[in-house]
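A quick write-up on the structure given underneath.
The values are calculated or read from the model by the stated rules, or taken from the named source; none is laboratory data. Worth saying up front: this structure is predicted, and the values here are computed from it rather than measured. Please note: Cβ atoms are built from the backbone with ideal geometry, for glycine as well, and neighbour counts cover all protein chains shown. Heavy atoms of the whole protein, side chains included, go into the accessibility calculation; ligands, DNA and RNA do not. Shrake-Rupley method; radii C 1.70, N 1.55, O 1.52, S 1.80 Å.
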Amino acid sequence: MKNRRDFLKKLGLLGLGTTLPSTFARSSHSSEVVEMERLASMIPDWVDKKIETAFSRYAAWKGTDDVIVFPVVSDIHAARPKWEEPANFNDTRWHILFAQRAAKRFQADFYADLGDIGFDRDLAWKPSRYDAAKERLASQVELFQGFAKTTPTFFCMGNHDSGRAYGNVFSELRLTAKEYGEMFNLLTPASANRVLGPNSDYGFFDVPGKRCRVFFLNTSDAHESGYSVEQLQFLADHLQVPEGYCVVVLQHICLHPKIGKWNPVREGISVRNGAWGVQILEAFVQGEKGSAKLDEKTTLAWDFTGNRNTRLAGIISGHSHFDQQAEVHGVNHIITQSYGTISKRDLPENALYRPFSRKEQMLLDMVVIRPSTGEMRFFRIGEGDTECDRTFAMMPKK
């Protein structure tokens, strides 16, 4: 915890030193709660209407069954360091508040950010200057600091979240996996039923009373796209779950060798060591054991022969900026469009992308797992509505 405080102090984030316009500025007597309430009071009416439309579908589908509920948000790429007045809903930080509002309405068990919060480039797509990147990080922390105290919130580091993407440095401010993990994943109190890796950039959460383990992984902890061996062993060890558990995996980059790629599509798993991640999850579904000697000194091992009545809901990713899914060997690979954008030229076949105006529309998937029927359903809030609802069977099927 001391390292986290030292790092935030270095960036000037300990006191959340964000400079806000007069409309949002805090007086010396204002609290963080009052600040967030003030912003929440400016959320337009159409947001609640979108949420209620999806909630009605959810309530009818759920019935009286016990479920696990959580929103997934990805690729916010929030480039504005300051709140504007009047409110500019093109600023995707507002859409984080929309998602948090939906989480409260659905009484979500937790909130998932799948990466690329965005501080590496400005509105002109130029490298961020240090002070601007610092302000944007401070604003992101402020958005979640109070919320994560009551709704466990987990962050999956994206390839843009280090300040570097695709081999080029875009920001004067850089974050290590440890700095990112401690900045965001420690916002959820230690009293929450979660276990973190050594850098807090990955871990798992056991949903209280619901026999569901949620992994939030970092697909950029070995190169800008890759798993470290340590993270894969963490996954393998903690997939040895109690009897009757279901599992869902959250991360930024999809592991499937064909889907999730922009044109021209180059087949193959783009995440370093990702093939081992897939093999571990497929072995979990089959209840198998195995090992892989990665080099003379490193062996990766897994053993799920002791698991009883366990199921995998799927792997949920962002990064690609479109909706797509595929099932291979019992593993559902699912991608959510969320707030990323893509051109027609870059959009691959069999992928669904829906452009929309952020000033008058939102795009959020509320994920619901219903263990009694072995189903996981995505309820689209906003753009696409019922056309973009999706249902997946948990594996193995019973």
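Taking a ≥ b ≥ c as the square roots of the eigenvalues of the Cα gyration tensor, an a/c ratio of 1.5 or more together with a/b no larger than b/c marks the range 160-278 as oblate.
Heavy atoms of the protein chains alone define the surface here; on that basis the range 244-398 has 43 Å² accessible area per residue at 1.4 Å probe size. Calculate what fraction, in whole %, of the accessible area of the range 207-272 sits on carbon and sulfur atoms when a 1.4 Å probe is rolled over the protein chains. The C+S portion of the solvent-accessible surface of the range 207-272 is 50 percent.
Across the range 290-301, rounded Karplus estimates of 3J(HN,Hα) from the backbone phi angles (6.51 cos²θ - 1.76 cosθ + 1.60, θ = phi - 60°) give x, 7, 9, 8, 7, 7, 4, 10, 10, 10, 9, 9 Hz, Gly and Pro being marked x.
Would you mind checking the tilt of helix 2-11 against the longest principal axis of the Cα atoms of the chain, expressed as 0 to 90 degrees and rounded to 10? Between the helix axis and the principal axis of the chain, the angle is about 40 degrees. Report the longest stretch of the chain that contains none of the chymotrypsin sites (Phe, Trp or Tyr not before Pro) sitting in a DSSP loop with at most 10 other Cβ atoms within 10 Å. It runs 167-398. For the range 342-352, 3J(HN,Hα) computed residue by residue from phi via the Karplus equation (6.51, -1.76, 1.60; θ = phi - 60°) reads 8, 7, 4, 4, 8, 6, x, 5, 6, 10, 10 Hz, glycine and proline entered as x. Taking every DSSP bridge with both residues inside the chain, close to 65 percent are antiparallel. In this structure, the pairs whose alpha-carbon distance is over 25 Å, taken from 50/126; 49/344; 178/344; 126/359; 50/104, are 50/126; 49/344; 178/344. Residue by residue, the range 33-39 carries 3J(HN,Hα) couplings of 5, 5, 4, 5, 5, 5, 5 Hz when phi is fed to the Karplus relation 6.51 cos²θ - 1.76 cosθ + 1.60 (θ = phi - 60°); x denotes Gly or Pro. If you average the alpha carbon positions of the range 30-75 and of the range 119-195, how far apart do those two centres end up, in angstrom? Cα centroid of the range 30-75 versus Cα centroid of the range 119-195: 23 Å apart. Database remark: amide H of residue 74 closer than 5 angstrom to the amide H of 114, 339 (H placed geometrically; neighbours at sequence offset of 5 or more, or on other chains; Pro and chain starts carry no H). Please compute the contact order of the range 81-207 in relative form: average sequence separation of alpha-carbon pairs under 8 Å and at least six residues apart, divided by the residue count, as a percent. After rounding, I find 25 percent. Between residue 163 and 175, the built amide H atoms are under 5 Å apart, and every one of these is 5 or more places off in sequence or on another chain.
When the trypsin sites (Lys or Arg not before Pro) in the range 248-332 are filtered for DSSP coil states and for at most 14 other beta-carbon atoms within 10 Å of their beta-carbon, the remaining sites are 266, 297, 308.
With the simple model of a label 7 Å out from the Cα in the direction of the Cβ, residue 237 to residue 373 spans 3.8 nm. Over the chain, Cα pairs under 8 Å with separation of 6+ residues give a relative contact order of 16 percent.
Subtracting the Cα-Cα distance of residue 129 and residue 301 from 0.36 nm times their residue separation leaves 57.6 nm of extension gain.
Return the long-range amide H neighbours of residue 288 (sequence gap of 5 or more, or a different chain), with a cut-off of under 5 Å between placed amide H atoms. When sequence neighbours closer than 5 places are left aside, the close amide H contacts are 304. Calculated mean residue ellipticity at 222 nm for the chain: -8000 deg cm²/dmol, from DSSP H runs with n ≥ 4 weighted as -39500 (n - 2.57), summed, divided by the residue count and rounded to 500.
Here the spin labels are modelled as points 7 Å beyond Cα on the Cα-Cβ line, and at residue 356 and residue 85 they lie 2.9 nm apart.
Normalise the Debye intensity by I(0) for the range 239-398, one equal point scatterer per Cα, no solvent, then take log10 at q = 0.10, 0.14, 0.16 Å⁻¹ and round to two decimals. Each listed q maps to, in turn, -0.41, -0.77, -0.95. Straight-line reach only, C-alpha to C-alpha below 17 angstrom: list the aspartates and glutamates that residue 149 could link to, leaving out same-chain residues fewer than 8 apart. Output for residue 149: 32, 35, 37, 109, 113, 182, 206. If you compute volume of the Cα convex hull per residue in Å³ for the structure shown, which of [x] 233; [y] 156; [z] 144 do you land on? Given [x] 233; [y] 156; [z] 144, the structure-derived one carries the label [z].
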